[in-house]
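Note sheet for the following structure.
Coordinate-derived values only; no laboratory data. From a predicted model like this one, the values you see are computed outputs, not experimental measurements. Virtual Cβ from ideal backbone geometry, glycine too; neighbours counted across all protein chains shown.
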Amino acid sequence: MSPQPETPVDLVLSLLITFTAFPLGIIAALAHVLITIVSSIPTFIGLSLGCVILTCAVLVTSIGYALYTVGALGLRGLVGCKAALEDSAKMGTNMASVFLEEWNKERKTTQESWTQS
């Protein structure tokens, strides 16, 4: 097949196809982009909600852990105070019993000296 010379009709048809196809291609590309964006909106919303929920969960967990740590340290301090109070009460009781024994000895000595006089 030998190339045939272009006729004016061929040129007009070629120009019509070019001028029609180019804007239609642009419109089709824009429509595709818009449809992709619109169809991705639920995905974007889901991802953003997921990120917000995960961030809130991390914050709540961090605050809970901080409160637990403060509570555990406070409890440890209270247990230490309780042990110190118990030890001081035991020491006070021991000192009181020693004082009572000494006082009884002194009283007996005083009573004996009064009875002998």
Criterion (more than 39 Å from the chain's Cα centre (by Cα) and not in a helix (DSSP H, G or I)) met by exactly one of Glu106, Glu102, Glu6, Glu86: Glu6
Test result for Val52, free of Cβ contacts under 8 Å to residues at least 12 places away in the same chain and surrounded by fewer than 10 Cβ atoms within 10 Å (Cβ to Cβ): no
Among residues of region 24-49, those that are surrounded by 10 or more Cβ atoms within 10 Å (Cβ to Cβ) and not hydrophobic (A, V, I, L, M, F, W, C), counted: 5
